[in-house]
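> The structure that follows is given in the form of structure tokens.
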Amino acid sequence: SGSLKARSIVVDLPDDAFRHRRWDPQEVADEMRLLWLLEEVRSRRLGFGKAAELAGLPVAQFLLLMGKHHITPFDYDEDELTRELGPRR
């Protein structure tokens, strides 16, 4: 969302990393941002619901990405899951 404050960083990437990949700075930035959010979830510094929100993705899509990166949402205790998923209906 445009109302969120953001921080920018500069990362130097070696040219050789793009030998077999097109150089598209926005694509690389988007991928790095998503991977950083996934790692924050893996490290349990950020809940997957909040990470999905920050990534601008539906929770279900973010959970699929977590699965592709071998990050399980199931190591949360019941209170953490309730906070992430909201109250039961």
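The values are calculated or read from the model by the stated rules, or taken from the named source; none is laboratory data. From a predicted model like this one, the values you see are computed outputs, not experimental measurements. Neighbour counts run over all protein chains shown; Cβ positions are idealised from the backbone, glycine included. These area figures cover heavy atoms from the full protein model, side chains too; ligands, DNA and RNA do not enter into them. Shrake-Rupley method; radii C 1.70, N 1.55, O 1.52, S 1.80 Å.
> For region 34-45, check the following and say yes or no: at least one residue is modelled with pLDDT under 95 and of a type in the set (Asp, Glu).
Scanning region 34-45 turns up no residue that is modelled with pLDDT under 95 and of a type in the set (Asp, Glu).
> Within region 1-78, considering only helices (runs of 4 or more DSSP H) that don't extend past its boundaries, which have at least 1 residues that are of a type in the set (Phe, Trp, Tyr) and open to solvent by less than 50 Å² (accessible area, probe 1.4 Å)?
Passing ranges, in order: 48-55, 59-68.
> Return the pair list, or none, for Cβ contacts closer than 7 Å from residues in region 67-82 that are at pLDDT 90 or above to residues that are open to solvent by 70 Å² or more (accessible area, probe 1.4 Å), at least 6 apart or on different chains.
Short answer, once both residue conditions are applied: Ile71/Arg42.
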